[in-house]
Amino acid sequence: MKRSLVLALLGLLATTWLAAPADARWASSSPGSARALSTTVGAPGTVSATCGLLLDATVKVDWAASTSPWVTQYEVLWGTNSASPSRVDLVTGRTFTTPALSTGTWYFTVRSVKGAWRSPVSNQVSKSVSSVLFLGVVCS
């Protein structure tokens, strides 16, 4: 009786949260001992990047919120190699501004975070920082 009531309540909760994309597989070796094997949260929305002020050589990255309501943080993965970011910054908001960057092309992706859960990465954006004679560095 208790098990069927618990299962009915879990079914009700699942339909309530159906709009929030998450993927979970459950394992149970005995009644009442279910545990999550894997879970993911929804990726953040479209990512965009804008250059800082003239001669600033910073990049501001922003993105739309994840469709998963329980996301608490975002990881910004960035670096000069598009396939393998060399830096990861954890932020609670939906924007991130780099420190002054050296010359080269910089690539950015973002993923949603909740505890140990990580979403797939977002779309990748890039900005180039170049040196201009007598002016210093310029982002484009």
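The values are calculated or read from the model by the stated rules, or taken from the named source; none is laboratory data. Just so it is clear, the structure is predicted and the values come from calculations on it, not from any experiment. Virtual Cβ from ideal backbone geometry, glycine too; neighbours counted across all protein chains shown.
Values computed for the structure shown
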item: Top-ranked residue of the range 81-113 - restricted to ones that are under 15 Å from N123 (Cα atoms) and in contact (Cβ under 8 Å) with a residue 60 or more places away in the chain, ranked as surrounded by the fewest Cβ atoms within 10 Å (Cβ to Cβ); result: T109
item: Residue in the range 55-63 that is at pLDDT 90 or above and in a loop (DSSP other than H, G, I, E, B) present; result: no
item: Pick from the range 52-80, criterion within 16 Å of N123 (Cα to Cα) and of a type in the set (D, E, K, R), ranking: surrounded by the fewest Cβ atoms within 10 Å (Cβ to Cβ); result: K60
item: Of all residues in the range 105-138 being at pLDDT 85 or above, part of a strand (DSSP E or B) and of a type in the set (A, V, I, L, M), the one that is nearest to V88 (Cα to Cα); result: V110
item: R118 surrounded by fewer than 16 Cβ atoms within 10 Å (Cβ to Cβ), basic (K, R) and over 12 Å from the mean Cα position of the chain (by Cα); result: no
item: Pick from the range 70-95, criterion aromatic (F, W, Y) and assigned to a strand (DSSP E or B), ranking: farthest from G42 (Cα to Cα); result: W78
item: Any hit, the range 96-104, residues being assigned to a strand (DSSP E or B), more than 20 Å from T40 (Cα to Cα), out of contact with any Pro (no Cβ under 9 Å at 6 or more places or on another chain) and among the hydrophobic types (A, V, I, L, M, F, W, C); result: yes
item: Selection status of T67, at pLDDT 85 or above and assigned to a loop (DSSP other than H, G, I, E, B); result: yes
